[in-house]
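First comes the structure, then the notes that go with it.
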Amino acid sequence: MDQYAVIGNPIEHSKSPFIHQAFAEQTQQAMEYGRILGDLEQFEQQVAAFFAQGGKGLNVTVPFKERAYAMCNVLSKRAQRAGAVNTLMVGKNGEIYGDNTDGAGMVRDIVQVLNQPLHGKRILVLGAGGAVRGVIEPMLLEHPQSITIVNRTPAKAQALAELFAVQWSSFAELTGEFDIIINGTSASLGGDLPPIPDSVIGPQTWCYDMMYGKEPTVFLNWATARGASGEDGLGMLVGQAAEAFFIWRHVRPDQASIVEQLRQAM
């Protein structure tokens, strides 16, 4: 059986083993997928040992995505732009290949599963951290009208916007309604809401929170209270896994059924 795993710290909460085993059963792939508690001091040695023992691929989660990036001999273009890696595999010559599937997973969920086109849309992205950095490039490939990055620390928004040649703003200077608002901050995890002015949202706005939970997030409650509609990021979780699965196995699994199973299990 080909061996795969997710490595992170903490890791016991990870849904990746369930998702990938479900993909494997769905597509008749002979593989096993486990969890590895990443050692904050020995992460690189753990990755090297996994591949030395015949492991085929790893998913990487917090706090190791930048360290995984630094380990790679070969990087995809989207991993280079993201500055972080969440998917590793080893080549025939032993070199480590790194990719970042977070943004592609989110875009696939939004465009293909949720049927929400990004093409020609005016998009506002909340946050300027690693999660946002990983999704800008895949969104640009959908040819939106514009992308504006907003952050509590405007200098971070400006730096990220300049990297990808998109727009940036402070919360106080935002103007006009947006077609799509994507929350890439972790504020939802703490029950907080970024200081978003109500002027940016209307009944035609569609909202997406990269976070997810059993109940709607604070951000989605804010959106629906103002007449907008939206979805959480559970489909992004499954989407980035599906993209990694495709890289490893060259088979694209069905995502929607797995999202539904996870939703019911919450």
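A short reminder: the numbers here are calculations on the coordinates, not readings from a lab. Computed from a prediction, not measured in an experiment: that's the story for all the values here. Note that each Cβ is placed from the backbone with ideal geometry, even for glycine, and that neighbours are counted across all protein chains shown.
Structural remarks
- Across the range 112-217, C-alpha contacts under 8 Å between residues 6 or more apart give a mean separation that, scaled by the residue count, equals a relative contact order of 27 percent.
- Comparing mean-square fluctuations of Gln26, Gln53, Gln158 from a GNM of the chain with C-alpha springs under 10 Å, the top value falls on Gln53.
- Dipole of the chain, positive end: most advanced residue of Asn93, Pro253, Pro197 [Cβ charges, Cα centre]: Asn93
- For the chain, built as a Gaussian network whose Cα springs stay under 10 Å, the top-fluctuating residue of Thr217, Thr153, Thr101: Thr153
- Think of each Lys and Arg Cβ as +1 and each Asp and Glu Cβ as -1; about the Cα centre, that makes the dipole of the range 103-232 roughly 140 debye.
- DSSP bridge pairs, the chain: antiparallel proportion in percent, nearest 5: 20
- Here the contact order of the chain, divided by its residue count and restricted to Cα pairs under 8 Å and six or more residues apart, works out to 16 percent.
- Mean Cα-pair separation over length for the range 59-119, i.e. relative contact order, pairs under 8 Å, 6 or more apart, %: 29
- Estimated distance in nm for a label pair at Glu32 and Ser199, the labels positioned 7 Å out from Cα along Cα-to-Cβ: 5.9
- Descending semi-axes in Å of the chain, equivalent ellipsoid built from Cα gyration tensor: 32, 20, 16
- Flagged links, alpha-carbon separation over 32 Å, of Lys77/Lys156; Lys15/Lys77; Lys56/Lys121; Lys121/Lys214; Lys92/Lys121: Lys56/Lys121; Lys92/Lys121
- Between the range 112-142 and the range 162-210, the alpha-carbon center distance in angstrom: 12
- For the range 1-110, Kirkwood radius (reciprocal of mean inverse C-alpha pair distance, Å): 14.2
- Among Arg226, Arg35, Arg78, the largest mean-square fluctuation in a Gaussian network model of the chain (Cα springs under 10 Å) belongs to Arg226.
- The Ala159 and Lys77 beta-carbon pair, evaluated with R₀ = 30 Å, returns a calculated FRET efficiency of approximately 0.90.
- Förster-model FRET efficiency, 35 Å R0, Ser170 and Arg67, C-beta, rounded to 0.05: 0.65
- Dividing the summed helix terms, -39500 (n - 2.57) for each DSSP H run of n ≥ 4, by the number of residues in the chain produces a 222 nm estimate of -10500 deg cm²/dmol to the nearest 500.
- Theoretical FRET efficiency, 1/(1+(r/R0)^6), r = Cβ-Cβ of Phe18 and His143, R0 45 Å, to 0.05: 0.85
- The slack in the chain from Gln261 to Leu189, taken as 0.36 nm per residue of separation less the alpha-carbon distance, amounts to 23.7 nm.
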